[in-house]
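Here's the structure we're looking at; comments come further down.
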Amino acid sequence: VINQRYTPVPGVVKDLPLNMTRPDFEAETSYVPLFSIILIATVILMILAKFRALRLWKLWFFVSVLLILTVAFNAFFNEYIAIALALLLTVLKVFKSNVYTHNISEFFIYGGLTAVFAPIFNIKSAIILLILISIYDAFAVWKSKHMIALAKFQSEAKVFAGIYIPYGKNAALLGGGDIGIPLLFATAALPSYGLFRTLLIPVGATIALLLLLIKGKKNTFYPAMPFITAGCLVGYIMLISLFG
């Protein structure tokens with residue numbers, strides 16, 4: 001999605017569909033407002049979970065997914081086709097979801113989200129965001145455990161922001177932030193290194209996640225971001241070591 005249409009270029013703004021505008025953040029400090037937005041959204045979701053506001057959560061989710069999928073599909077189609085495809089997949093995702101429609105839409109969602117925020121991040125700010133999110137993820141899963149409660153609430157609503165991987169009678173859940181934030185970091189490197197070289201970063205993240213899935217205990221919640229961040233940074237070190 002990013003490489004097709006939204007690759008950040010200094011001095012060039014790639015327009016979003018539906019007259020959407022990006023946040024006006026400075027690249028050097030963009031991690032501050034975005035991290036704050038993530039915290040605020042988490043608090044709102046916790047309130048919805050506390051009062052079992054399943055319908056309100058579904059409405060919020062529906063609108064958000066529709067807009068972001070439109071951004072993603074607009075990388076390949078004109079605005080009207082993008083809206084139609086986004087609406088179809090959003091309806092299926094929210095009301096007729098299965099493992100295929102859910103996960104396919106999730107992949108495009110992260111591309112769409114990154115298209116919105118990529119131009120306001122550079123490598124430095126993206127690394128800081130990775131570290132902040134990793135610390136928060138570890139706290140939210142191991143200490144406060146509110147992230148576990150939110151995951152269960154989303155599962156109950158059958159509207160989950162993340163990848164769903166069934167195996168037998170069980171399933172593995174990977175939160176959307178565990179994919180979206182590393183993708184944002186990789187996109188920050190994209191203008192300097194190109195698509196194929198930059199793939200070292202997601203490869204590093206994937207290997208780190210694979211090790212967590214192999215070594216982790218079954219039926220146990222883990223904060224994925226500390227491990228994924230380590231993989232991202234190893235991939236980035238390899239990138240700058242090989243290509244300068």
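Restricting the trypsin sites (Lys or Arg not before Pro) of segment 143-244 to loop positions (DSSP other than H, G, I, E, B) with no more than 14 neighbouring Cβ atoms within 10 Å leaves Lys145, Lys158, Lys169, Lys217, Lys218. Annotation: average projected area of segment 185-244 is 4.1 square nanometres, based on the convex hull of Cα atoms across all directions.
Per residue, the solvent-accessible area of the chain (1.4 Å probe, heavy atoms of protein chains only, all protein chains present) comes to 55 Å².
Per residue, the Cα convex hull of segment 1-99 amounts to 133 Å³. For segment 43-108, the dipole from Cβ point charges (+1 on Lys and Arg, -1 on Asp and Glu) about the Cα centre works out to 420 debye, to the nearest 20. Once the C-beta distance of Phe243 and Leu87 is scaled by a Förster radius of 51 Å, the resulting FRET efficiency is 0.80 to the nearest 0.05.
With contacts taken as Cα pairs under 8 Å at a separation of at least 6 residues, the chain carries a relative contact order of 22 percent. If you wrap the chain in the convex hull of its Cα atoms and look at it from every side, the mean projected area works out to 13.2 nm². Each residue of segment 126-131 is assigned a 3J(HN,Hα), and the resulting list reads 5, 5, 4, 4, 4, 5 Hz, derived from the Karplus form 6.51 cos²θ - 1.76 cosθ + 1.60 (θ = phi - 60°), x at Gly and Pro. Could you point to the residue in Asn78, Leu132, Tyr6 farthest towards the positive end of the chain's charge dipole, with +1 and -1 charges on the Cβ of Lys/Arg and Asp/Glu respectively? Projecting each Cα onto the dipole axis, the largest value belongs to Leu132.
With a simple spin-label model that places each label point 7 Å from the Cα along the Cα-to-Cβ direction, the separation between Thr42 and Tyr100 comes to 3.6 nm.
Across segment 165-241, the mean sequence separation of Cα contacts (distance under 8 Å, 6 or more residues apart), normalised by length, yields a relative contact order of 34 percent.
Just going by the charge dipole of segment 130-244, with Lys and Arg at +1 and Asp and Glu at -1 on Cβ, which of Ile207, Thr220, Gly180 is farthest out on the positive end? Towards the positive end, the residue furthest out is Thr220.
Remark: the Lys124-Ser144 segment gains 4.3 nm on full extension, using 0.36 nm per residue and subtracting the alpha carbon distance. Between Tyr164 and Leu210, the simple spin-label model (points 7 angstrom out along Cα→Cβ) gives 2.6 nm. Just the protein heavy atoms count here, and of the accessible area of segment 4-94 at 1.4 Å, carbon and sulfur take up 69 percent.
Of all the accessible heavy-atom surface of segment 95-149, with the other protein chains kept in place and a 1.4 Å probe, what percent is carbon and sulfur? The computed percentage sits at 76.
The values are calculated or read from the model by the stated rules, or taken from the named source; none is laboratory data. This one's a predicted model, so the numbers in the text were calculated from it and none came from an experiment. All Cβ positions, glycine included, derive from the backbone under ideal geometry; neighbour counts span all protein chains shown. Areas reflect the complete protein model, heavy atoms only, side chains present, ligands, DNA and RNA absent. Shrake-Rupley method; radii C 1.70, N 1.55, O 1.52, S 1.80 Å.
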